[in-house]
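I have placed the structure first, in the form of structure tokens, so that the comments after it can refer back to it.
Read the figures in this text as sums done on the coordinates, not as results from a lab. Predicted, not measured: the structure shown is a model, and the values here were computed from it. Cβ sites come from the backbone with ideal geometry, for glycine too, and all protein chains shown count toward neighbours.
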Amino acid sequence: MIIGIDLGTTNSLVAYYDDEGAKIIPNRLGGRLTPSVVSVEGDQIYVGEVAKERMLLHPEDSAAVFKRTMGTDAKYRLGGRLFRSEELSSFILRSLKEDAEAFLGEPVEEAVISVPAYFNDARRKATKHAGELAGLKVERIISEPTAAAVAYGLYEMQDDAKVLVFDLGGGTFDVSILELSGTILEVRAVAGDNYLGGEDFTDILEELWFKKTETEAEGLDDRTRRHIHRQAELCKLSFEREKVVKMICTIGDEEKEALISADEFEKNCEDLLERIRIPVRKSLSDAKLKLSEIDKVVLVGGATRLPLIRRLVGRLFRIIPDTSVNPDEAIAIGAAIQAAMKERRESIREIILTDVCPFTLSTEVSIEREGGGFESGHVCPIIERNTVIPASRTETLYPLYDNQKTIRVRVLQGESRFAENNLKLGELEIQLPKGKKDDNSVDVTYTYDINSILEVQVRVNRSGEVIKQILKGQDVDMTDEEIAARMEELAYLKIPPREQERNKLLLVKGERLYEENFGEDRLVIEQHIRRFEQALNSQDPVRIDAAREEFREFLEDWE
Ligand code: ADP
Ligand code: MG
């Protein structure tokens with residue numbers, strides 16, 4: 001059985017395909033979403049809900065949102081040891097693999113994993129390695145918007161169509177325009193905001209509560225701040241069903257409440273909504289499409305459950321977005337369908353984004369000032385973002401002065417007009433023959449291929465000399481031996497037995513409640529924790545079950 005995995009920034013999911021279609025596999029705690037959080041305690045590694053709880057009390061042993069640095073050299077320190085993003089991700093994948101095996105009752109060795117459309121080859125490879133470190137073969141990586149489109153059955157549509165996938169997750173926003181022609185589903189353009197997501201809407205609610213209850217944020221300790229944040233998150237979720245929600249927080253021994261209406265919330269989100277419009281416009285203009293040419297809009301990501309987001313999308317596109325597939329499950333469902341197709345050796349021919357250059361590649365130039373003289377630090381785009389690749393483009397540059405000896409070609413990546421705000425990929429220094437500036441040009445050619453390899457070629461036109469340099473994307477290639485060695489190194493870290501995790505979650509919650517409270521309350525909480533621990537020590541399953549139920553109810557009542 002090949003499974004489909006959505007390895008998300010905030011939440012991850014695993015799905016499989018049977019006669020009835022694709023289905024989400026519940027994790028060991030019964031949840032459909034597994035938070036993408038990892039926490040280390042000794043040689044135990046916790047993943048998901050338990051790790052998310054542990055992160056509140058032990059941030060130094062825990063990590064979240066590490067997908068942002070997938071395929072880079074970034075390292076995270078947990079429990080005094082260093083891990084790369086793909087290693088942390090491999091723990092999530094290991095846990096999902098176990099959940100799938102327990103649920104399906106058979107070994108699972110292969111997976112299709114989704115990645116953002118803008119992931120370049122290096123980041124896709126790192127994702128594959130994460131799978132391999134988890135003991136999964138990953139032959140197929142699928143772009144998230146493509147997976148979402150597949151979940152909506154788009155590949156079965158009779159006519160060619162243009163689809164916009166609107167994905168608002170926890171901390172990222174991605175817009176992708178896909179075009180279906182025949183059986184080819186092509187990513188035409190991508191745009192987004194890497195720092196915009198559901199969390200920002202939680203922050204707005206938090207601010208509203210502070211304002212309405214006239215509470216000073218300054219001076220509050222971390223625990224209280226986290227409590228307020230959690231209440232804001234709960235309050236945000238209720239807008240799916242209610243028009244007015246009551247947000248109550250306990251500060252010291254005082255309960256403070258504020259009523260927040262959906263309208264008021266929406267008004268305060270105006271800046272965020274404006275930021276959402278920007279990538280939507282950008283993706284359309286890059287794909288050279290008008291709003292009216294979009295045949296279908298698909299909503300993906302947990303934050304699109306917010307009614308105010310649905311209204312915004314309705315207003316923007318004047319179409320009712322399709323939400324028939326659960327927005328936080330669509331990508332995993334699509335990956336599972338792709339996995340099933342792979343098993344049956346059918347497939348939707350998917351052109352992934354490594355077929356579009358996700359950023360502009362340019363070179364630094366000086367421009368002439370009006371009153372004379374030159375101003376350096378400007379940018380001349382050579383390959384523009386969303387150009388279909390492989391692509392090769394040439395620009396002719398001239399020296400600034402007669403008899404100028406050298407010309408410097410700086411290779412830049414990014415969208416800014418100013419060189420210093422873009423990422424510098426490399427530099428070539430070219431010797432020029434003597435001559436007048438106007439007939440001493442050089443031709444600069446950039447060739448970008450699907451493996452994120454950029455070849456820069458400079459031709460000195462007077463002499464015919466050609467200088468070449470290859471700039472490779474960050475290389476995270478690991479050999480099979482290196483992967484095996486690293487797997488062995490990580491093997492000492494054990495994911496605890498599945499049945500223990502339920503108990504651990506309650507214990508961690510209890511521990512947090514204890515720390516959040518004072519005096520008498522602490523004593524009561526401690527008593528309950530100890531009673532549960534004693535039951536656990538007895539190793540009597542019947543007693544443990546009863547004690548767990550009792551402890552769970554106690555914790556629920558308390559919160
Ligand atoms: P990611 O793609 O980053 O892994 P998800 O698609 O799982 O993220 O979305 C997570 C975000 O969705 C969180 O910010 C969460 O608060 C938000 N979210 C989930 N359910 C709802 C809901 N019912 N209403 C509003 N926001 C929600
Ligand atoms: Mg997602």
Rounded to 10°, Cα long-axis angle of helix 330-343 versus longest principal axis of the chain: 70 degrees
Hey, what's the Cα Rg ratio for the range 361-478 versus the globular rule of thumb, 2.2 N^0.38 Å? 1.10
The range 18-31 - phi-based ³J(HN,Hα) in whole Hz, Karplus 6.51/-1.76/1.60, Gly and Pro as x: 10, 3, 8, x, 8, 9, 7, 9, x, 7, 4, 9, x, x
Reported to two decimal places, what Rg/Rh ratio describes the chain when computed on Cα atoms with Rh from the Kirkwood expression? 1.02
What is the distance in Å between the Cα centres of the range 354-404 and the range 237-271? 50 Å
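Averaging over every viewing direction, what projected area does the convex hull of the Cα atoms of the range 487-559 cover, in nm²?
Numbers: hull surface 24.2 nm².
Mean orientational projected area (the range 487-559, Cα hull): 6.1 nm².
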Considering all alpha-carbon pairs of the range 225-266, what whole percent are spaced by more than 12 angstrom? 58 percent
Above-threshold pairs, the threshold being 28 Å between Cα atoms, out of 128/236; 282/424; 125/296; 128/504; 67/494; 23/288: 128/236; 125/296; 128/504; 23/288
May I ask for the angle, rounded to the nearest 10°, between helix 198-212 and the longest principal axis of the chain, with both axes built from Cα atoms and the value confined to 0 to 90°? 60 degrees
Two pseudo-spin positions, 7 Å from Cα along C-beta at residue 19 and at residue 240, lie apart in nanometres by 3.1 nm
If neighbour count is taken as other Cβ atoms inside 10 Å, put 123, 318 in order from fewest to most. 318, 123
